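The values are calculated or read from the model by the stated rules, or taken from the named source; none is laboratory data. This is a predicted model, so every value here is computed, not measured. In case anyone asks, the SASA skips ligands and DNA or RNA and just uses the protein heavy atoms, side chains included. Shrake-Rupley method; radii C 1.70, N 1.55, O 1.52, S 1.80 Å.
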Amino acid sequence: MSEAAFPVEPARVRHARLGYAMAAAAALLWGVNGAVSKTILATGLSSERLAQVRSLGAAAGLVAILAVLAPGRLRLTRRELPYLLFFGMVGLAFVQWFYFLAIHRLAIGIALLIEYLAPLLVALWARFVYHDPIRRRIWVALGLALAGLALIVNLFGGGASLSSAGVAFAFAGAIAYATYVLLAEHVVGGRDPVSLLAWGFLFASVFWAALAPWWMFPAHSLTRHTSLLGHLHGVHLPVWALVAWMIMLGTIVPFFLLVSALRHLSASRVAIVAMLEPVAGAFVAWAWLAESLDGVQLAGAAIVLAAIVLAQTAR
């Protein structure tokens, strides 16, 4: 990728602690969003349609914010177009699509574990393509994080055979996620995070509209009231309220935080901190949806947290 494709920005002051805080907050919000999304999917809305609403809602919200506060940031140059198209359709839409395809064939935990091989792919890319020095401590942190994730999702708890197609889709999701992080790190130097995400989600929305036309969307499904399930089964909310939460606090805010973190940290470190997502998701599912959380899973969560701390100590 040519650096000349984007305008040169004055040197930025990096604040590592701020970057870690942003990436961790994004992971925690995504962890909560997992339970929100599961509640919405329980109403019968398909995962593809949910991803479509998520992309369009995020694009509309971000474009509206920029149109009012900083319309100049929406300018798009011809040189940026291929990067942003790739970022939106591969880095954003494909991550969701391959994940949904994987969980139709695999247990969600196993699909998530495979997808979180992305930080390892980012580190390998940084080492062998960018020729960046990767300290041994980072590799140890990656290994610990993957081991902890395996415990959290109880990867070795059952002897069921895995679907080869499901594994392939999950690996494709890992590649798409790694692509998202690397593209965001490359593009964020010449474009602010809000406009980057606005264009990315807009192009992702175009992809989803071509795959699932809007005129066939089951709009009536958004006006229903649904139970929040689990420990909150007595509480009922309209589906559109949950969708609004998913768009704002499950998409716009965490994606903005993650891309902003790349202004202060490398892609490999941001990807490692993002591994807090399955830890947060497991605890939220236990507290909200009454899903089991045993001692092995707690040990796995502790290992992932230790891996993140270890990665932070590697300068």
Over segment 161-254, with the other protein chains present, what is the accessible area per residue in square angstrom, probe 1.4 angstrom? 43
Residue-wise HN-Hα coupling along segment 33-38, computed from phi with Karplus coefficients 6.51, -1.76, 1.60 (Hz; x: Gly, Pro): 5, x, 5, 4, 5, 5
What per residue convex hull volume, in Å³, comes out for segment 212-290 when only alpha-carbon positions are used? 126
Full extension from THR223 to LEU249: what is 0.36 nm times the residue separation minus their Cα-Cα distance, to one decimal in nm? 7.3 nm
Once the Cα gyration tensor of segment 63-106 is found, what semi-axes does its equivalent ellipsoid get, as square roots of 5 times the eigenvalues, in whole Å, sorted largest first? 31, 15, 4
Reciprocal mean inverse distance between Cα atoms of segment 164-256 - Kirkwood radius, Å: 16.3
For THR226, the residues 5 or more places away or on another chain with a placed amide H closer than 5 Å to its own amide H are LEU237, VAL239
Counting only heavy atoms of the protein chains, get the accessible area per residue of segment 45-152 (1.4 Å probe) and round it to a whole Å² value. 48
Can you give the accessible area of VAL235 in Å² (nearest 10), computed on protein heavy atoms with a 1.4 Å probe? 70
Exposure ranking of ARG75, ARG14, ARG49 by accessible area [1.4 Å probe, largest first]: ARG75, ARG14, ARG49
Could you compute Rg(Cα) / (2.2 N^0.38 Å) for segment 22-68, with N its residue count? 1.37
